[in-house]
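Q: I have a structure here, written as C-alpha cells, and I will follow up with some questions on it.
The numbers here are math on the coordinates, done by the rules we state, and not lab data. Quantities reported herein were computed from a predicted structural model and do not represent experimental measurements. So basically every Cβ, Gly included, is an ideal-geometry build from the backbone, and we count neighbours across all protein chains shown.
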C-alpha cells in the first residue's frame, strides 16, 4: 500500500503543479486580441460555489488517506493505472488551459479587460479547467474506489457543473451573441456529448 500512497500523492502534486506551469507559460504569451470586457463583474453566488468546490476537494483529500491507511473496503478492484492516466490527462489539460487563458480566475469574475477565450482547449470544451478537476477526482476514485472517494468525485463533478453554468450566464450577459455562437458550437465538458 505504501507504493500506491506515494504514487497517488506524486500524481496529485504533478496535477497541481501543472497550474503553476500553465500560468508561467501564460505570462510568456502575448495578448491574443480576443474580445474583452470593459468593466469588472462577478457572477452571483460565485464565491459560494468556490467554497462548495473546496468541500468536494476536502472529501477527496480526506478520503485518500482514509482509504489508504484505514484500508477501507473498495467498491470494485482498484484501477491505479487508469486512475493515474486520468489524473495526468487532467494535468495536461490544466497546463494547456491555463497557458492559453489569460483571464483565468478562481471565481466567476470578469475583471476589466477579461478576454473571451475560445481557442486551444476552449475550442474543444467550454470549461476545460473544470474538466481537468473532474479528471483528478475521477482518477482518484478509480485508483482508490472507496465510497468516500465516490462521494468526493460526485461532489466535485456536480459543483463543476454548477460553476460552469454560472460562468456561462455571466459570459452570455457580457459577450452576448459572440458567446451565444460559442455555446452553440462547443459542449460544456465532454466533446460532442455534454
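Q: Just from the alpha-carbon atoms, what are the Rg and Dmax of the chain in angstroms?
A: Calculated on Cα positions, Rg and Dmax stand at 17.4, 53 Å.
Q: Angle between the Cα long axis of helix 46-69 and the longest principal axis of the chain, 0 to 90 degrees, nearest 10?
A: Between helix and principal axis, roughly 20 degrees.
Q: Could I ask something else about it? Let me have the relative contact order for the range 113-194, percent, based on Cα pairs under 8 Å that are six or more residues apart. Display every interim value, and only then the final one.
A: Working: 52 pairs, mean separation 35.3, N = 82.
Value for the range 113-194: 43 percent.
Q: Hey, another quick one. Round to the nearest 10 and give me the degree value, 0 to 90, for the angle of helix 80-100's Cα axis relative to the longest principal axis of the chain.
A: 20
Q: Taking Cα atoms, how many degrees apart are the long axis of helix 2-28 and the longest axis of the chain, rounded to 10 and kept between 0 and 90?
A: 10
Q: Which peptide among 89-102, 130-143 comes first, and what is the full order, when sorted by highest mean count of other Cβ atoms within 10 Å?
A: Values: 89-102: 22.0, 130-143: 24.9.
In decreasing order of mean packing, 89-102, 130-143 become 130-143, 89-102.
Q: Divide by every residue of the chain the summed helix terms, -39500 (n - 2.57) for each DSSP H run of at least 4, and state the resulting mean residue ellipticity at 222 nm, rounded to the nearest 500 deg cm²/dmol.
A: Numbers: 6 runs with 126 residues, N = 194.
Helix-only estimate at 222 nm: -22500 deg cm²/dmol.
Q: Continuing with the same structure: What order do you get for 152-162, 13-23, 74-84 when each peptide is scored by the mean count of other beta carbon atoms within 10 Å, highest first? Present the calculation step by step, with values, prior to reporting the outcome.
A: Working: 152-162: 19.7, 13-23: 16.5, 74-84: 14.1.
So the peptides 152-162, 13-23, 74-84, ranked by packing, come out 152-162, 13-23, 74-84.
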